[in-house]
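Remarks on the structure that follows.
The values are calculated or read from the model by the stated rules, or taken from the named source; none is laboratory data. Small disclaimer: the values here were computed from a predicted structure and weren't measured. Methodologically, a virtual Cβ is constructed for each residue, glycine included, from the backbone with ideal geometry; neighbour enumeration extends over all protein chains shown. Calculation scope for accessible area: heavy atoms of the full protein, side chains included, ligands and nucleic acids excluded. Shrake-Rupley method; radii C 1.70, N 1.55, O 1.52, S 1.80 Å.
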Amino acid sequence: MLNGKRILIGIGGGIAVYKVAELARMLSKAGADVHCVMTRSACEFVAPLTFEALTGNQVFTELFDLTSEREMGHIALARQADALIIAPATASLLARIAHGIADDLLTTIMQVCDKPVLLAPAMNTSMWESEATRRNMTTLKQRGMQTVGPAKGELACGEQGPGRLAEIHAIYSALLPLITAQKFHGQRWVINAGPTVESWDTVRILSNRASGKLGAMLADLAAIRGANVSFIAGPGTPGTHPLVKRLDVESAKDMLAVCEREAAGAEIFIGTAAVSDFRFADPHDGKLKRGNTSTMHIELAANPDIIAHVATMNARPGKVIAFAAESSNHLEHAKAKLLRKQVDAIVANDVSNMGSDSASGWWICCNEEQLMKTGTKLEFAEQVINHIMEMHT
Ligand SMILES: Cc1cc2nc3c(=O)[nH]c(=O)nc-3n(C[C@H](O)[C@H](O)[C@H](O)COP(=O)(O)O)c2cc1C
């Protein structure tokens, strides 16, 4: 998502500057063309050379610098960026930007900037909670600037409270929607993922090897593109983007109840969860004793078919997409499933994808199949999203 994007990081003079070096590196590694502007105070904490080495681009510090101004004027710096991150956004920077004071290179850039801005404030708790900073933040938000953090915790001054720079991952996550076309804005998407877990007794369970990775990536991609995503996650499913509404469940019955509630009237439902076909007919409280038997017969009861249920319920989502993990005759089985479950499309894939970091398969819609490119789960998830976009428009 960051490939080819030009990100300008405006670095203020706070103790957290050293963390921003990691952010610059992370963005560069993700394919962004990262440029940095440092205030004079920021240069007191970390030398510009650090950011130059990490990004491979010249770092700008001075407004009145003839060479910099000739090669890349302050107006161009603002205009050529796809988005700006101000980190750490010091109390002083927030005040100057809020009041239109353009007394150095960074604040002058902010005066001409018409691109999305992400503010990552970091300061002592008293500075953060001061009347002046609160008013400045209100002004900046009203102007459409986005914010991330500050986080709570121990501050460099030894005090506890809100004021820490948001985690680098959180800043990175918050940037993604700002540089991505909001194609799904206003849509409600519901995605389930991961395994389900059926309890036999207090300690023993029936489950499967699904990791929930692909479902989590689909949830992230949809949310970053503006969808309002409910993500119903079985145990062990990876973390999701902060914009995703995550609902953790255990058993198939729990998952059905939450899916039914969330999917009613949604635009899109994607069922990636590996739902246990059966549950224990007679689960026990406490731990069952092994006993002396050499064999044991356990009775299982069929679980509800969540996808088929969602696809046929009264307030059916606009489009229902199922996943079918098969070990043989993939297309034949998946096509039969598409008809039987009355879904709009099905992603047929091999059981070997389960738990792995790569994926391959077919997109089957209206009984026609398209081979999807083998790739990482993220690349595969992007292909699924593109197919859904084609089908839904
Ligand atoms: C050791 C030290 C740490 C500082 N840390 C912060 C900080 O985390 N946040 C903040 O808003 N100001 C902090 N300041 C104060 C700013 O450096 C000061 O307000 C400066 O004028 C900010 O300049 P700038 O906004 O142009 O970068 C710190 C100052 C010192 C001496």
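For the chain, the alpha carbon convex hull comes to 187 Å³ per residue, rounded to a whole number. With respect to the chain, whose longest principal axis is taken over its alpha-carbon atoms, helix 377-392 is tilted by about 80°. Net length available on complete extension from Cys43 to Glu379 is 117.1 nm, with 0.36 nm assigned per residue and the Cα-Cα distance removed. Taking the DSSP bridge list for the stretch 188-392 and keeping only pairs wholly inside it, about 40 percent are antiparallel.
Entry comment: accessible area of the stretch 6-179 is 45 Å² per residue, from protein heavy atoms only and a probe of 1.4 Å. Between the stretch 119-171 and the stretch 97-111, the C-alpha centres lie 19 angstrom from each other.
If Lys and Arg each add +1 and Asp and Glu each add -1, what is the summed charge of the other residues whose beta carbon sits under 14 Å from the beta carbon of Val34?
Working: positive: Lys5, Arg6, Arg25, Lys29; negative: Glu22, Asp33, Glu52, Asp82.
Result for the neighbourhood of Val34: 0.
Of the beta bridges DSSP finds with both residues in the chain, what % are antiparallel, to the nearest 5?
Values: 21 of 64 bridges.
Around 35 percent of the beta bridges assigned by DSSP in the chain are antiparallel ones.
Centre-to-centre separation between the Cα atoms of the stretch 1-38 and those of the stretch 285-345: 45 Å. Among the GluC sites (Glu not before Pro) found in the stretch 285-393, those both in a DSSP coil and sparsely packed, with 12 or fewer other Cβ atoms within 10 Å of their Cβ, are Glu299.
At a 1.4 Å probe, what is the % contribution of carbon and sulfur to the accessible area of the chain? Working shown, then result.
Values: 9440 of 18800 Å².
On the chain, the fraction of accessible area on carbon and sulfur atoms equals 50 percent.
Label sites at Gln160 and His185, each approximated as a point 7 angstrom past Cα along Cα to Cβ, lie 4.2 nm apart.
Could you tell me the relative contact order of the stretch 96-188? Use alpha-carbon pairs under 8 Å, at least six residues apart, and round to a whole percent. Provide the component values of the computation, followed by the final result.
Values: 110 pairs, mean separation 24.7, N = 93.
Averaging sequence separation for qualifying contacts and normalising by length gives 27 percent for the stretch 96-188.
Could you work out [θ]222 nm for the chain from helices alone, using -39500 (n - 2.57) per DSSP H run of at least four and dividing by all its residues? Round to the nearest 500 deg cm²/dmol.
-10000 deg cm²/dmol, from helical runs alone.
For the chain, the longest principal axis of the Cα atoms and the long axis of helix 17-29 meet at an angle of about 60 degrees. Working from Cα pairs under 8 Å separated by at least six residues, relative contact order for the chain is 10 percent.
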